[in-house]
1. Which of the residues belonging to the stretch 242-258 are touching a helix residue (DSSP H, G or I) at 6+ places or on another chain (Cβ under 9 Å), within 25 Å of Gln122 (Cα to Cα) and open to solvent by 50 Å² or more (accessible area, probe 1.4 Å)?
2. Please work out if Glu192 is outside the structural domain of Leu437 (by TED's automatic domain parsing), in contact with a strand residue (DSSP E or B) (Cβ under 8 Å, 6 or more places away or on another chain), over 26 Å from Leu150 (Cα atoms) and in a loop (DSSP other than H, G, I, E, B).
3. Take Asn210 and decide whether it is in a helix (DSSP H, G or I), within 29 Å of Glu147 (Cα to Cα) and not assigned by TED's automatic domain parsing to the domain that holds Met452.
4. Return the residues of the stretch 46-66 that are in contact with a helix residue (DSSP H, G or I) (Cβ under 8 Å, 6 or more places away or on another chain) and surrounded by fewer than 24 Cβ atoms within 10 Å (Cβ to Cβ); say none if nothing qualifies.
5. Hand me the list of helices (runs of 4 or more DSSP H) wholly inside the stretch 106-188 holding 2 or more residues that are more than 29 Å from the chain's Cα centre (by Cα).
6. Quick one: would you say Gly260 is closer than 17 Å to Leu179 by Cβ and among the small types (Gly, Ala, Ser)?
7. Taking the stretch 177-204 as the search range and keeping residues that are closer than 23 Å to Gly112 by Cβ and of a type in the set (S, T, N, Q), which one is least open to solvent (accessible area, probe 1.4 Å)?
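The values are calculated or read from the model by the stated rules, or taken from the named source; none is laboratory data. Keep in mind it's a predicted model, so treat the numbers as computed, not measured. Methodologically, a virtual Cβ is constructed for each residue, glycine included, from the backbone with ideal geometry; neighbour enumeration extends over all protein chains shown. With ligands, DNA and RNA removed, areas are computed over all heavy atoms of the protein, side chains included. Shrake-Rupley method; radii C 1.70, N 1.55, O 1.52, S 1.80 Å.
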Amino acid sequence: MKQVNRRDFLKSTMVAGLSSSILTPDILSSQSKPENVTTPQVFPTKPAGKKVIVAGAGIAGLCCGYELMKRGHEVTVLEGSPRHGGHVLTVRDGLSDGLYADFGAENITQPGYELFWNYAKQFNLTVLPYPKRENVLRRIKGQFYSEEMLRDPTVLKKFGFNAREIKYLSENDWPELDLLYTKPYLTKFTDEYQPFGVGYDNLDTTPIANIFRKEGASKAALEFLGGQETSAQFELWRQAILQMRGLPLYPKKVFRLQNGNQSLPNAFAKQLGERVKLNSPITAIRHDPKGVMVKYLEFGKEKEITADFLANCIPLPAFSKITMTPALPPEKQYVLDHIAYDSYARFVFQASSKFWLKDNLSINMELNHPEIGGIWQVAEEIDTHRVALMGMGPGGTTPQRAVAAFREVYPGKQDTIEQALVKDWPSEKYAFTCERLNFAMGSLKKLWPHVMRPHGRIHFAGAYADNLNWGMEAATRSANRVAQEIDQIG
Ligand SMILES: Cc1cc2nc3c(=O)[nH]c(=O)nc-3n(C[C@H](O)[C@H](O)[C@H](O)COP(=O)(O)OP(=O)(O)OC[C@H]3O[C@@H](n4cnc5c(N)ncnc54)[C@H](O)[C@@H]3O)c2cc1C
């Protein structure tokens, strides 16, 4: 149920022609009671509080701003675009019957995402199971396979897997195949933030495929696993982090927020109130040992603001466009120049029925089509005959092309898609990247841990600034780290 706070209540009654004066004190006091923590709370700034500018109002910037505000610091969050949330974006416009879809971040796990789960509880947000990875139909070399088929030794044998792989895959999911060969290597890591000194420092220029090969992977497994371009040191570290967090490589059980994941950035933004300035792109940063000065645009006019610290929560490719004086030191500049991202388009199809049921199919499909990677249902809890389906594909794909690509490979008779929406992330002005990619071969020492190290008065948070590139998890973890770093500076 939506909680109404006093400000909303007064606003709505005044819009309806009533004035606050007709409300009895009782009504006023009951409305002003914080019924849950989604009602903005007052966090007074402490006398020794610091003045902090947070760059970017994505989930990391909002979370960092909220945590700093809670600790009594004076916070201003500057956001370039007209909305907060960044890559956490829930859309209803263009969809019928109350359907909605997350055009950006869409799922969380458990274990994992502990901070996200805590915030959801704190702000009374409902987490729903999200069955998108259950009963998946996988299209491999043009043919669809159910999970059952992919556990069948005769099917596995036809793919060319060896006896050990066949036994493993008949008991485990396909995306976990790496572990057949990497598991013995992972136990050496003991600290998930320390990839060095555990015996693999010489493996950063070795492809992980070489490890699979050395451990006896078949040609079929090598083809499926890939890894020619992936650093063995980086990949073993990545897998070890997941193991330490108690997670499979590709968790099947995932979750999302009811009403869309943007409910969490919205909750942070509501707490921060006027501290968040939208339409305020940062254009220049000047910093020295005493503080920072930030130039930004407001109604197109240049403004300046000074502070004790800057918490950068803008992805590095967008951050690099901001003029920095003096320039960052070479090791930090290397990070800015070499952190790589992907960027793609999100598709949402609205259909008038669950057409796949007539064809006796699951709608959770890995389509492996160059223009549409997969499809699954969202907003399943909305009570309507209509459905919203999501998929993704390369940037620049039109809605018509996305539907046509789906139709090229859909294994059933016919669909009931009535419209399609596309969010083309690469063409966004401020949020043109999607997710940080794995570190390139041979670059681990130059990128880690420099990517999350502060430089003078500038601190670095965001989905890029943590050990695992797990979007909202890394964003909230790094945001908390930076809030704590700044808070603890004497
Ligand atoms: C299609 C898609 C699917 C995803 N799926 C998942 C998922 O299932 N689970 C998951 O956890 N994560 C997922 N992610 C990743 C996740 O959305 C992001 O990693 C996360 O939202 C990034 O948060 P952030 O705050 O670090 O950065 P952002 O969200 O990018 O926020 C940065 C903000 O900075 C602003 N900005 C940029 N330049 C300036 C400037 N000059 N001045 C002021 N502001 C500026 C931007 O407008 C933006 O609002 C997905 C992402 C996409 C795109």
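1. Once the filter is applied, which keeps residues that are touching a helix residue (DSSP H, G or I) at 6+ places or on another chain (Cβ under 9 Å), within 25 Å of Gln122 (Cα to Cα) and open to solvent by 50 Å² or more (accessible area, probe 1.4 Å), the stretch 242-258 yields only Lys253.
2. So Glu192 fails the test.
3. Here the answer is yes, as Asn210 does meet what is asked.
4. Lys50 - this is the single residue of the stretch 46-66 that is in contact with a helix residue (DSSP H, G or I) (Cβ under 8 Å, 6 or more places away or on another chain) and surrounded by fewer than 24 Cβ atoms within 10 Å (Cβ to Cβ).
5. Those helices (runs of 4 or more DSSP H) span 153-159, 163-171.
6. Taking the combined requirement at face value, the residue does not satisfy it.
7. Among them, the one singled out is Thr182.
Residues are listed down the side, and each one gets a yes or a no for (1) more than 13 Å from the ligand (Cβ to nearest atom); (2) modelled with pLDDT under 95; (3) under 24 Å from the mean Cα position of the chain (by Cα):
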{"residue": "Gln41", "(1), (2), (3)": "yes, yes, no"}
{"residue": "Gly58", "(1), (2), (3)": "no, no, yes"}
{"residue": "Tyr66", "(1), (2), (3)": "no, no, yes"}
{"residue": "Arg71", "(1), (2), (3)": "yes, no, no"}
